[in-house]
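Structure record follows, encoded as structure tokens.
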Amino acid sequence: MRGSVVGTAVTLAAGALLTAAMTTATASPPATTTPPPPRAGASQPVLVDCLWHRTVRPGDFILACGDGNSRLTGLHWSQWGPDGATAVGVNMVNDCKPYCAAGTFRSYPVTVRLDHAKPWKKRPEIQRYDRISLTYQQGRPEGFKQVMTYPLWD
């Protein structure tokens, strides 16, 4: 009998608390909402990767889509806007010696610059960067200039 009384008391107390919480919640004014962050492409250019995904300030980016033998990692962006974007990071490049499958990835610190924001052919309402430039800070892959500039996918 005693267990039944305690159980009933607990159930009634829980019900009263739930009712109070629901009444308080419905009596409160609506919470203010924070506006969502701007969508990629709505007011700022995007970076389109080789899989046609668009990103803003990515941490990594594949440059050699066919084989993955050149990619940017650890990107830290200091600027991103219609006039261009700038980051520092590392270009991981396969030396392909004696051949690419047996090669070694070497890391080269770089400054990355994106520019030429233009409408994306796939989605003309979205501005996307058209060009990427890498400036090697210390050393560079064999056969590379200190500044390498490439067109980006459209």
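The values are calculated or read from the model by the stated rules, or taken from the named source; none is laboratory data. Just so you know, these numbers come straight off a predicted model, no measurement behind them. Here the Cβ positions follow ideal geometry from the backbone for every residue, glycine too, while neighbour counts run over all protein chains shown.
Overview of values
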{"read-out": "Selection status of ASP154, part of a strand (DSSP E or B), charged (D, E, K, R) and touching an Asp or Glu at 6+ places or on another chain (Cβ under 9 Å)", "value": "no"}
{"read-out": "Answer from ASP67, ASP49, ASP60 - the residue that is closer than 28 Å to THR104 by Cα, among the charged types (D, E, K, R) and modelled with pLDDT of 95 or more", "value": "ASP60"}
{"read-out": "Residue pairs meeting the criteria (Cβ under 7 Å; at least 6 apart or on separate chains; first farther than 23 Å from LEU47 by Cα and among the basic types (Lys, Arg), in the range 140-154; second part of a loop (DSSP other than H, G, I, E, B) and at pLDDT 95 or above)", "value": "ARG140/GLN146"}
{"read-out": "Scan of the range 61-103 for residues that are of a type in the set (Gly, Ala, Ser) and crowded, with 17+ Cβ neighbours inside 10 Å, ordered by number", "value": "SER70, ALA85, ALA87, GLY89"}
{"read-out": "Condition check for ARG106: basic (Lys, Arg), surrounded by 14 or more Cβ atoms within 10 Å (Cβ to Cβ) and more than 21 Å from GLY66 (Cα to Cα)", "value": "no"}
{"read-out": "Failed item in (1) in a helix (DSSP H, G or I); (2) among the small types (Gly, Ala, Ser); (3) at pLDDT 90 or above, with SER4 passing the rest", "value": "(3)"}
{"read-out": "Test: residue in the range 129-138 that is loosely packed, with under 14 Cβ neighbours inside 10 Å and of a type outside the set (S, T, N, Q)", "value": "no"}
{"read-out": "Residue that is farthest from the chain's Cα centre (by Cα), among those in the range 110-151 that are of a type in the set (Phe, Trp, Tyr) and not in a strand (DSSP E or B)", "value": "PHE144"}
{"read-out": "Residue selected from the range 85-99 under the condition of a type in the set (A, V, I, L, M, F, W, C) and at pLDDT 95 or above, by the criterion nearest to ASN69 (Cα to Cα)", "value": "VAL93"}
{"read-out": "Selected residue (only one of ALA16, ALA102, ALA42 is at pLDDT 50 or above, among the hydrophobic types (A, V, I, L, M, F, W, C) and more than 29 Å from the chain's Cα centre (by Cα))", "value": "ALA102"}
